[in-house]
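Read-outs throughout are calculated quantities, based only on the coordinates presented, and are distinct from any laboratory measurement. Not measured: the values here are computed from a predicted model. A quick note on method: Cβ atoms are made from the backbone with ideal geometry, for glycine too, and the neighbour counts reach across all protein chains shown.
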Amino acid sequence: MTEHLDPFAALPLPEGPLNIAQLLPRAAAERPEQPAVIVARTGEQISYAALEERSNRIASGLADAGLGPRDRVCLFVRPGVELIALTYALFKLGAVPVLADAGMGRKRLMAVVKLMAPRGFIGIPKAHVGRRLFPDAFRSIEVAVTVGRRLFWGGPTLAGLERGGDPNFATAETSADDEAAILFTSGSTGPPKGVSYTHGMFHAQVEVLDRLYRFAPGEVDLCCFPLFALFDVAYGMTSVFPDMDPSQPATCDPARIFAAAQEYGATTTFGSPAIWSRVAPWCTDNGYKLERLRRVLVAGAPVSPDLIHELHRVLPMDGDVFTPYGATEGLPVTSIAGRDVVPELVGPIRSGAGTCVGEVAPGIDLRLIGITDDVIETWSDALEVSLGLPGEVCVRGPVVSSAYVEADDHTRRAKIHHGDGSVWHRMGDIARFDGEGRLWFLGRKSHRLHTRNGLRMPVPVENVFNIHERVRRTALIGVGAPGSEVPLLVVEPLPGEFPRTEVMTEGFILQLRSIGRKHHATRDIDNFMFHEGFPVDVRHNAKIDREELKAWAEAQLA
């Protein structure tokens with residue numbers, strides 16, 4: 001066991017009232033004429049001074065419409081000026097924006113809206129049509145605001161509220177423990193769950209991200225993940241929303257991403273691996289470089305050394321790739337720079353060590369505990385595993401949420417109460433520490449295999465086989481009953497490389513077996529299947545839906 005520092009002492013919150021919206025008037029005073037938000041598709045932009053005034057008018061108008069502190073408000077608008085202005089207006093009001101991902105699908109979306117029982121609804125006309133078509137999910141709505149043209153439904157419009165709003169609206173005096181927003185998990189390993197974010201959590205995230213990445217005023221952020229733009233205000237950066245569908249990052253047009261980065265001089269960006277696995281090769285093929293992009297944050301799924309290397313080829317000499325690890329319930333937890341991965345750690349990664357996600361972030365207490373699906377009510381240091389052994393990742397600290405919203409059973413399964421009143425979050429991931437204090441990700445706990453030879457984790461195995469020149473990605477699943485599961489590697493070949501004949505299939509498998517025999521971690525992998533396109537999560541389009549893939553494989557073998 002090692003001695004651990006108090007994460008809350010390492011990252012203290014300021015005393016007195018705390019509202020994350022206080023960041024906006026500060027930025028407006030320091031850089032009033034600097035663009036705060038730019039929408040690449042239309043060229044629309046707004047300065048910090050105008051954003052401050054507009055958010056005040058909106059907050060005032062929403063208050064006049066009947067919304068107030070602690071009211072939950074569903075927000076369904078496109079990424080851009082309205083998203084940032086409305087979110088900060090709700091923060092100023094002391095209301096709680098409910099930020100659900102439309103990409104989760106209609107059935108899931110309706111279920112989470114109904115569960116949250118919001119009092120307010122702010123959305124584009126298309127969202128209001130959905131509200132009218134599915135009234136049961138929206139029966140709690142008392143105030144409905146239309147962003148854009150109002151059609152056959154009633155209620156105020158955003159433009160109307162703004163016109164009558166007070167440009168000097170006073171921000172609500174909330175505390176660090178007050179709920180600021182409800183964000184949803186991606187639902188890649190179960191139903192989407194609402195995560196309660198407090199003003200203190202947001203403040204702590206701003207501080208940790210600053211310590212890790214040193215964002216500077218005047219930088220330009222290419223917002224490939226829209227919610228990250230909420231942090232740009234804290235650093236005095238300009239948020240540029242590229243022309244893409246954020247709910248389908250894997251379908252982005254790399255030319256448009258590149259164009260937005262170049263036209264507006266993007267210096268930093270955050271996005272899914274699915275985006276950069278399209279943009280980086282496109283830049284290479286066309287001889288382009290992202291000349292001013294110094295910092296590329298990639299998260300949402302394990303990031304391969306190949307992608308890091310490809311990005312290094314198109315970034316400037318002082319540019320780098322960073323892969324923060326975490327979850328909606330707590331982010332960031334760890335981080336590592338691409339130049340610490342490539343070339344130093346490529347060998348261990350490709351030999352079956354797992355994926356290195358770096359050192360623990362400031363203000364985070366991270367421990368590994370014995371792997372179990374049982375509920376753990378109370379924390380004990382005796383839960384921890386010895387150094388070097390795999391265990392479930394548990395974290396606590398100011399950036400970690402204490403509960404899910406309206407989901408007591410999920411909270412009970414994912415949280416552990418510490419004796420000092422703090423709460424541990426069980427990440428649901430399996431990892432191990434190396435001797436240098438770096439964390440190595442091995443896979444999701446729910447994806448572990450119970451074989452006759454013991455526990456098997458997917459990521460170390462997949463990293464070995466992913467080096468094949470004709471392989472896009474692989475997924476290790478188990479076939480059979482737990483305890484006697486047989487490892488089966490499902491392979492998604494690169495476009496044009498799918499084996500169409502029995503001879504081609506056998507030849508491909510022989511090559512894969514040859515790779516597997518070279519490493520201790522994969523010598524027993526002897527069963528292979530080929531799939532033309534893996535099912536993936538809706539948010540990042542990068543996490544493999546292994547449950548669906550397992551059902552597909554078992555159907556093929558039946």
TODO: For the range 7-13, just list the computed ³J(HN,Hα) in residue order, Karplus coefficients 6.51, -1.76 and 1.60, θ = phi - 60°, integers in Hz, with x standing in for Gly and Pro.
DONE: x, 6, 6, 6, 9, x, 8
Open item on the list: At 222 nm, what value in deg cm²/dmol follows for the chain if DSSP H runs of at least 4 each add -39500 (n - 2.57) and the sum is divided by all its residues, to the nearest 500?
Closed with: -9000 deg cm²/dmol
Task: Low-density loop cleavage sites - trypsin sites (Lys or Arg not before Pro) in the range 526-558, where at most 14 other Cβ are within 10 Å (DSSP) - done: none
Task: Additional length obtainable on full extension of the chain from Q248 to D374, 0.36 nm per residue less Cα span - done: 41.9 nm
TODO: List, in order, the whole-Hz ³J(HN,Hα) value for each residue of the range 395-411 obtained from phi through the Karplus relation with A = 6.51, B = -1.76, C = 1.60 and θ = phi - 60°; use x for Gly and Pro.
DONE: 9, 8, x, x, 8, 9, 6, 9, 6, 8, 8, 6, 8, 4, 5, 5, 4
- [ ] Could you tell me which of the pairs K415/K445; K92/K114; K445/K550; K107/K193; K445/K543; K126/K543 are separated by over 20 angstrom between their Cα atoms in the structure shown?
- [x] K92/K114; K126/K543
Open item on the list: For A361, what residues show an amide H to amide H distance below 5 Å, using hydrogens built from the backbone and excluding near sequence neighbours?
Closed with: T334, S335
- [ ] State the extension gain, in nm to one decimal, for the chain segment bounded by D136 and R214, taking 0.36 nm per residue of separation less the distance between their alpha-carbons.
- [x] 23.5 nm
Open item on the list: Can you give me the angle between helix 305-314 and the longest principal axis of the chain, using Cα atoms only, in degrees from 0 to 90, rounded to the nearest 10?
Closed with: 60
Open item on the list: Compute the angle between helix 546-557 and the longest alpha-carbon principal axis of the chain, please, reported from 0 to 90 degrees and rounded to the nearest 10.
Closed with: 40
TODO: Could you list which residues have their amide H under 5 Å from that of E179, counting only those 5 or more apart in sequence or on another chain, with H placed in the peptide plane?
DONE: none
Task: Cβ-Cβ FRET estimate between R339 and R149, R0 fixed at 51 Å, reported to 0.05 - done: 0.55
Task: Cα convex hull volume per residue for the range 449-557 (Å³) - done: 105
- [ ] State the label only: which of [x] 1.01; [y] 0.97; [z] 1.03 corresponds to Rg/Rh (Cα atoms, Kirkwood Rh) computed from the shown model?
- [x] [y]
Open item on the list: With N set to the number of residues, divide the alpha-carbon radius of gyration of the range 396-467 by 2.2 N^0.38 Å and report two decimals.
Closed with: 1.41
- [ ] At q = 0.08, 0.09 Å⁻¹, what is the base-10 log of I(q)/I(0) for the range 17-202 according to the Debye formula with one equal point scatterer per Cα and no solvent? Please give it to two decimals.
- [x] -0.24, -0.31
- [ ] Any chance you could run the full-extension gain for D285 through A481? It's 0.36 nm times the residue separation minus the Cα-Cα distance, nm to one decimal.
- [x] 65.9 nm
Task: With Cα atoms, 0 to 90° folded angle of helix 273-286 axis to the chain main axis - done: 80
TODO: Give a quick list of chymotrypsin sites (Phe, Trp or Tyr not before Pro) in the range 143-213 that DSSP marks as loop, anything other than H, G, I, E or B, with at most 14 other Cβ atoms within 10 Å.
DONE: F152, W153
Task: Charge dipole magnitude, Cβ of K and R +1, D and E -1 - the chain, Cα centre, debye nearest 20 - done: 1300
